[in-house]
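So the structure is just underneath, and the comments pick up after that.
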Amino acid sequence: QELAKDWTLRLAAGQYSRGLEQAESVPDYIKPEVATQFVANADFQATGELKLTLSGYYTDKRKLVVRDELLAQTSPEDAYTNRGRGRSFGAEILARAQYRRFFGWVAYTISRSSRVDFAGDVRRLFDFDQTHNFVAVGSYRWKKWELGGRFQASSGEPDTPIVGSTYLADINAYIPVFGEQFSIRKEAAHQLDIRVDRHWKFKTWKLSAFLDVTNV
């Protein structure tokens, strides 16, 4: 829906499913996980070359496949169940620029993903929950050369701390004692990739060569 000359509003809703993997697909009573997502975003055409987009989303996840530790001991073939529920929500701001020689975009996303495996359990983060994610991409063309780069910085994934250990003298080994699940995070990470392209045009054919360096 066009709200004004330079503003456009978009709404979307959809339902998605995830196929079963590995041992999850062994029992025939397990159903695929289901996620229902709602998305709203607004586009603002700041100039002819610059466009801004603000988005927000909410995802409700049902029938998450979880492993019942009690069933794993008494009836291993029936250990997987569809008892989990989860949710994800977040927002993103995106700026895109398109000029004659330069193209690029910058995006920042903040999000939260959590789940409850069994009724009565404490809500916990998903294994790959990522609070902050920043990405910048740019490409500049000069004559027959093109230089591009991509930079990303993101929060670390959730982790469970080891708060102690128990020594087993019979086997001369230490067994870790874990603290609260996913109460800490791994270190934040950043990465820079660059690429240089060169083009040659001939009468009937074209030659391209490039150098791509990952994680400079």
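The values are calculated or read from the model by the stated rules, or taken from the named source; none is laboratory data. Only a predicted model underlies this, so the values are computations on that prediction, with no experimental measurement involved. Neighbour counts run over all protein chains shown; Cβ positions are idealised from the backbone, glycine included. Accessible surface areas use protein heavy atoms only, side chains included; no ligands, DNA or RNA. Shrake-Rupley method; radii C 1.70, N 1.55, O 1.52, S 1.80 Å.
Of the candidates E180, E187, the single residue that is touching a Gly at 6+ places or on another chain (Cβ under 6 Å) and either in a strand (DSSP E or B) or of a type in the set (D, E) (or both) is E187.
Among the candidates R96, R112, the residue that is without any contact (Cβ under 8 Å) to a residue 60 or more places away in the chain, loosely packed, with under 15 Cβ neighbours inside 10 Å and in contact with a Gly (Cβ under 8 Å, 6 or more places away or on another chain) is uniquely R112.
So in region 38-79, with the set limited to residues that are at pLDDT 85 or above, open to solvent by less than 60 Å² (accessible area, probe 1.4 Å) and polar (S, T, N, Q), which one is nearest to Q22 (Cα to Cα)? Top of the filtered list is T59.
Contact list please: Cβ distance under 8 Å, first residue in region 45-74 and of a type in the set (V, I, T), second residue exposed (fewer than 13 other Cβ atoms within 10 Å of the Cβ), pairs at least six apart or on different chains. If the second residue must be exposed (fewer than 13 other Cβ atoms within 10 Å of the Cβ), the pairs left are V66/F118. The residue pairs whose first member lies in region 145-170 and is among the aliphatic types (A, V, I, L, M), whose second member is assigned to a loop (DSSP other than H, G, I, E, B) and open to solvent by 70 Å² or more (accessible area, probe 1.4 Å), and whose beta carbons are closer than 8 Å, counting only pairs six or more residues apart or on different chains, are A153/A188. When every residue of region 173-184 is checked against the conditions, at least one turns out to be open to solvent by less than 80 Å² (accessible area, probe 1.4 Å) and closer than 30 Å to Y29 by Cβ.
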